[in-house]
Amino acid sequence: MVLGVFLARWSVPALIHGTAHVRSDVNQAPHLIVWAVLAGCMWAVANTLTVYAIRDVGLSIAFPLWNSNSLLGIFWGFLFFNELHYAGWKGWLGVIGGAVCMFAGAAFLAFASAHQAAPGKATMGIIAALGAGMLWGTMYIPYRKAYLTGMNPLSFITFFTVGEVSTMALLAIGYRGAAPLWHELASARTVLFWLMLGGFVWVIGDLFQQYATKYVGISRGIPLSNTNQLWGLLWGVLVFHELRNASTLVYAQVAGGSILMALGALAISLSSATEKEHSSWQDAAHREGERYGVERDYVSAGMEGRAHSGTDHRRTALDWFVIASATLVFVALASLAKLPTVEISSGWTITLTLAMFALLFTCGAFLWRTTRFR
């Protein structure tokens with residue numbers, strides 16, 4: 001999966017803006033490479049924890065628990081980046097009220113997991129999901145530092161993936177050993193395409209989250225993006241038949257907890273930033289720029305979503321080579337792929353896939369018209 005993430009992290013920026021745009025950003029703020037790699041390392045550990053969480057308590061329950069990362073995001077945004085400063089009582093009410101709803105929803109889901117998970121596994125699954133949420137919540141500190149400084153999300157994620165791949169490789173080799181790991185990957189070649197495709201799709205969704213972090217902050221953008229918990233619930237229950245044999249009470253707890261957490265996230269996201277709060281964001285941005293010696297106009301251009309002088313570049317032969325190489329890898333793996341033997345609901349799979357693509361193209365077109373992916 002992480003190799004699929006790696007290919008997407010390099011090919012998508014090359015397609016949208018070109019690698020020259022990435023080099024320009026790095027020349028302006030080279031210190032952010034370290035922060036991007038660090039964020040990628042944290043993501044890899046958190047992503048590993050989600051595997052154990054899904055195994056022990058199921059997708060429909062683990063999803064909302066690790067989305068507690070938004071609560072940490074609110075805290076870090078306030079503490080380090082002046083978010084919610086001068087937000088007014090309405091802003092604070094929306095954020096705190098939303099946080100209370102999310103805590104309550106998480107409690108419902110944690111209680112329901114004791115009925116759904118295998119004996120002795122519920123506690124470990126809950127701990128793994130919450131641990132992933134803690135790491136992902138802290139990971140947004142490098143995000144916000146980068147985007148307040150003016151770096152384009154497409155540039156940041158390019159180096160983010162270096163931390164992802166290196167950490168994931170160390171974890172996999174440390175857990176399995178190099179030779180057994182290679183043997184296992186070779187024997188699973190018929191499903192590698194699906195795993196890497198999952199990583200590629202994840203990057204597309206994460207790209208929208210990166211722009212949300214850039215333009216509305218982590219205290220608002222992350223809770224709103226965490227409505228992915230509802231998608232997880234729908235895929236888990238409708239497509240993969242999770243909770244099939246559960247009681248009506250468990251269904252009520254899972255559905256009620258997920259809806260409550262989603263409402264909390266919505267309340268937070270609707271607490272729009274005031275003009276004074278935006279001014280405090282600018283103070284934080286200029287503080288970051290002065291700390292690392294970044295050009296002031298570059299910082300301002302990044303915050304306003306406009307092109308900085310000298311940052312518009314044409315795609316080069318290197319860009320097309322990166323795009324073609326990533327495409328060829330996926331084509332080669334697709335030629336070996338077989339459909340996994342998993343019991344799913346075909347009708348719901350098609351329905352949810354069509355809905356996903358409709359949202360993707362609608363939101364992508366709106367983001368392009370508004371920001372040109374700057």
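Taking the range 286-311 as the range and being in a loop (DSSP other than H, G, I, E, B) and of a type outside the set (A, V, I, L, M, F, W, C) as the test, the residues that pass are 293, 295, 305, 306, 308, 309, 310, 311. Remark: pairs (first residue in the range 265-290, farther than 16 Å from residue 220 by Cα; second residue of a type in the set (D, E, K, R) and buried (at least 18 other Cβ atoms within 10 Å of the Cβ); Cβ separation under 8 Å; 6+ apart in sequence or on different chains) = 288/145. Among the residues of the range 166-180, the one identified as open to solvent by less than 70 Å² (accessible area, probe 1.4 Å) and farther than 20 Å from residue 41 by Cα is 180. The condition of being modelled with pLDDT of 85 or more and open to solvent by 10 Å² or more (accessible area, probe 1.4 Å) holds for residue 215. On the stretch given as the range 2-18, residues that are farther than 15 Å from residue 372 by Cβ and open to solvent by 80 Å² or more (accessible area, probe 1.4 Å) total 2. The set of residues in the range 164-192 being polar (S, T, N, Q), assigned to a helix (DSSP H, G or I) and touching a residue at least 40 places away in the same chain (Cβ under 8 Å) consists of 166, 167.
For the range 336-348, the set of residues classified as over 27 Å from the mean Cα position of the chain (by Cα) and closer than 16 Å to residue 4 by Cβ consists of 336 only.
If the condition is being over 30 Å from residue 214 (Cβ atoms), loosely packed, with under 14 Cβ neighbours inside 10 Å and small (Gly, Ala, Ser), then the range 344-374 contributes 346, 347.
The set of residues from the range 20-49 being closer than 14 Å to residue 318 by Cα and crowded, with 20+ Cβ neighbours inside 10 Å comprises 21, 22. Considering 171, 154, 197, the condition of being of a type in the set (A, V, I, L, M) and more than 17 Å from the chain's Cα centre (by Cα) is satisfied by 171 alone.
Selection within the range 253-300: residues that are over 25 Å from the mean Cα position of the chain (by Cα) and among the β-branched types (Val, Ile, Thr). The member of this set that is surrounded by the fewest Cβ atoms within 10 Å (Cβ to Cβ) is 274. Tallying residues that are surrounded by 14 or more Cβ atoms within 10 Å (Cβ to Cβ) and in a loop (DSSP other than H, G, I, E, B) within the range 312-322 yields 3. Scanning the range 222-245 for residues that are aromatic (Phe, Trp, Tyr) and either in contact with a Ser or Thr (Cβ under 7 Å, 6 or more places away or on another chain) or crowded, with 17+ Cβ neighbours inside 10 Å (or both) returns 235, 240. Confirm whether residue 190 is surrounded by 15 or more Cβ atoms within 10 Å (Cβ to Cβ) and either modelled with pLDDT of 95 or more or among the polar types (S, T, N, Q) (or both). Taking the combined requirement at face value, the residue does not satisfy it. Counting only helices (runs of 4 or more DSSP H) wholly contained in the range 193-285, the ones carrying 3 or more residues that are in contact with a Gly (Cβ under 7 Å, 6 or more places away or on another chain) and of a type in the set (Gly, Ala, Ser) occupy 248-269. For the range 323-343, indicate whether the set of residues that are farther than 27 Å from residue 189 by Cβ, exposed (fewer than 12 other Cβ atoms within 10 Å of the Cβ) and either touching a residue at least 60 places away in the same chain (Cβ under 8 Å) or not basic (Lys, Arg) (or both) is non-empty. Checked the range 323-343: no residue is farther than 27 Å from residue 189 by Cβ, exposed (fewer than 12 other Cβ atoms within 10 Å of the Cβ) and either touching a residue at least 60 places away in the same chain (Cβ under 8 Å) or not basic (Lys, Arg) (or both).
The values are calculated or read from the model by the stated rules, or taken from the named source; none is laboratory data. None of these values were measured; they are calculated from a predicted model. Cβ coordinates were reconstructed from backbone atoms using ideal geometry, including for glycine residues, and neighbour counts include every protein chain displayed. Accessible surface areas use protein heavy atoms only, side chains included; no ligands, DNA or RNA. Shrake-Rupley method; radii C 1.70, N 1.55, O 1.52, S 1.80 Å.
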